[in-house]
1. Add +1 for every Lys or Arg and -1 for every Asp or Glu among the other residues with Cβ under 14 Å from the Cβ of Ile146, and state the total.
2. In nm, to one decimal, how far is the modelled label at Met129 from the one at Ala77, with both set 7 Å along Cα→Cβ?
3. Under 24 Å Cα-Cα from Lys30, which lysines qualify once same-chain neighbours fewer than 8 residues away are excluded?
4. If packing is taken as the average number of other Cβ atoms within 10 Å across a peptide's residues, how do 134-142, 108-116, 156-164 rank, most packed first?
5. For Lys174, give me every one of the lysines with a C-alpha distance below 18 angstrom, ignoring sequence neighbours fewer than eight places off in its own chain.
6. Most exposed first by the Cβ proxy, i.e. fewest other Cβ within 10 Å, how do Met129, Met123, Met155 rank?
Amino acid sequence: MRRYFWLALTALPLLLPAAARADDVSDSIKEALRAYEAGKIGAARTALGEAVQLLSQRAATGLGAALPAPLSGWQAAEVETNTAALGLIGGGNIASRTYTNGQGQTVEIQVASDSPIVAQLGMIMTNPMLAGAMGKLIRIGNQRAIQTSNNEIQMLVDNRILITISGSANDDAKLAYAKAIDIAKLSGGQ
């Protein structure tokens, strides 16, 4: 009987819902606090850095969730996510996906957030006069976007999330994909 009790007690964490279990982010934060209280500043800093990196990975995954499924006649590669350190490309979170049609044309959507480069570009894109110098101003739903001279579409969401749509496909395909992006998911989940 005692053996079954210990077996059930051991298996209990596996039966709890995910929200009831500790997660990797909170574990890292708790580890940092323990290290800090013990006077281990280096270990505290490392654990906090790990927590920040784990949060960035979750944010990049959230960006990827907003990318659309392939439109009719298209196939999509898997969503790729990346978190870059501040020294690399300005830092931030990135998700991208490439779509290909039967003629071999491609559309690539890249979503970047929380980057100093996006913040700087945001100052330009939110000013219609400066944005107009970058290309043709267009509307995609409620979003203002820029269609650049090299046939890219760029949209800024919440002044901190940059969407870039590029590829060899025609402008109509790029616009269709731009309209298929879940902007509400980007606005609410990041």
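1. Details: positive: Lys136, Arg139, Arg144, Lys174; negative: Glu152, Asp171.
Overall, the nearby charge balance is +2.
2. With each label point 7 Å from Cα toward Cβ, the separation is 4.1 nm.
3. By straight Cα distance, Lys30 reaches Lys40.
4. On the way: 134-142: 13.0, 108-116: 21.2, 156-164: 18.3.
So the order, starting with the most tightly packed, is 108-116, 156-164, 134-142.
5. Result set, ordered by chain and number: Lys136.
6. Working: Met129 7, Met123 11, Met155 23.
Going from least to most buried by this count: Met129, Met123, Met155.
All of the numbers you see were taken from the coordinates with simple rules; none came from a lab. The shown structure was predicted, so the numbers you read here are calculated from the model rather than taken from an experiment. Cβ sites come from the backbone with ideal geometry, for glycine too, and all protein chains shown count toward neighbours.
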